[in-house]
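These notes are about the structure you will find just below.
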Amino acid sequence: MKSFLLIGLGKFGQLLGNELMEMGDEVMAVDKNENIINELAPKFTSAVCANCMNIDALKGFDIPKFDACIVSIGDDFQSSLEITDNLKSLKAKKVIAKASTDIQRKFLFRAGADNVVYPNRDAALSISKSLNGSKDYDTFTYSEIDDKYSVTEVEVPKSWIGRTIININPRGQGRLNILLVRQGKNTVAAPGADFTFEAGQSMVVFGETDRIYSLINKKK
């Protein structure tokens with residue numbers, strides 16, 4: 001079990017935090033929006049409303065104790081830079097920051113980030129590797145296409161196992177398009193209507209972000 005500090009609870013941050021919790025890790029979630037914290041607090045190990053641009057606020061979290069600190073702020077790049085710099089100055093073991101452009105990625109590394117997640121680019125690379133059967137394919141990364149649509153990889157819900165795509169009708173029922181299905185190293189691109197889901201599979205889905213979240217939260 002690992003311990004993470006997650007700063008920023010936008011769509012990407014929520015999805016990442018949920019997945020870490022599902023894996024049995026501890027997640028302290030932080031956001032400056034009190035309403036978001038009140039709504040999402042039950043989903044995480046702990047949740048705090050704080051402005052992390054204030055280094056004194058960060059000091060109170062005992063930064064060195066976390067295995068990694070994740071800066072998941074998508075709408076305020078200046079804040080991402082300052083928080084990344086503050087975390088490194090407080091001896092964070094590892095800082096992972098989210099970028100939206102190559103320029104942002106470059107500056108986040110300069111600010112001290114150990115790793116920079118670039119969802120749109122990473123998603124495109126992962127899909128292209130999967131579709132071409134690359135052995136290097138490992139993990140698919142969540143990607144916001146715009147403020148309404150996303151592409152992400154999710155586990156096949158238990159209620160889908162043993163059923164075909166045409167029977168479930170994800171496009172008609174949830175406006176979701178299944179781009180590929182994988183199980184271990186085996187990948188099926190653009191599965192047909194008669195494709196039958198099996199236990200242990202995951203799928204890359206494109207659709208409205210809220211509907212994808214609904215699918216993820218079911219998991220039954």
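The values are calculated or read from the model by the stated rules, or taken from the named source; none is laboratory data. What you see is a predicted model; the values in this text were computed from it and never measured. Cβ: placed from backbone, ideal geometry, glycine included. Neighbour counts: every protein chain shown. Note: areas computed on protein heavy atoms with side chains; ligands, DNA, RNA excluded. Shrake-Rupley method; radii C 1.70, N 1.55, O 1.52, S 1.80 Å.
Overview of values
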{"item": "Top-ranked residue of the stretch 166-188 - restricted to ones that are open to solvent by less than 40 Å² (accessible area, probe 1.4 Å) and among the β-branched types (Val, Ile, Thr), ranked as nearest to residue 155 (Cα to Cα)", "result": "181"}
{"item": "Enumeration of residues in the stretch 178-201 that are in a strand (DSSP E or B), of a type in the set (S, T, N, Q) and at pLDDT 90 or above", "result": "196"}
{"item": "Output for the stretch 43-59, where each listed residue is free of Cβ contacts under 8 Å to residues at least 12 places away in the same chain and open to solvent by less than 70 Å² (accessible area, probe 1.4 Å)", "result": "57"}
{"item": "Candidate set: the stretch 21-42, residues that are in a helix (DSSP H, G or I) and open to solvent by less than 20 Å² (accessible area, probe 1.4 Å); chosen: the one farthest from residue 215 (Cα to Cα)", "result": "37"}
{"item": "Scope the stretch 154-165; condition farther than 24 Å from residue 10 by Cα and either part of a strand (DSSP E or B) or open to solvent by 50 Å² or more (accessible area, probe 1.4 Å) (or both); matching residues", "result": "158, 159, 161, 162, 163, 164"}
{"item": "Matching residues in the stretch 3-20 - criterion: being open to solvent by 50 Å² or more (accessible area, probe 1.4 Å) and touching a helix residue (DSSP H, G or I) at 6+ places or on another chain (Cβ under 8 Å)", "result": "11"}
{"item": "Residues of the stretch 48-92 satisfying the condition of being in contact with an Asp or Glu (Cβ under 6 Å, 6 or more places away or on another chain) and in a loop (DSSP other than H, G, I, E, B)", "result": "53"}
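Residues checked against (1) at positive phi; (2) exposed (fewer than 14 other Cβ atoms within 10 Å of the Cβ); (3) aromatic (Phe, Trp, Tyr); (4) at pLDDT below 85:
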{"residue": "100", "(1), (2), (3), (4)": "no, no, no, yes"}
{"residue": "103", "(1), (2), (3), (4)": "no, yes, no, no"}
{"residue": "118", "(1), (2), (3), (4)": "no, no, yes, yes"}
{"residue": "128", "(1), (2), (3), (4)": "no, yes, no, yes"}
{"residue": "147", "(1), (2), (3), (4)": "no, yes, no, yes"}
{"residue": "152", "(1), (2), (3), (4)": "no, no, no, yes"}
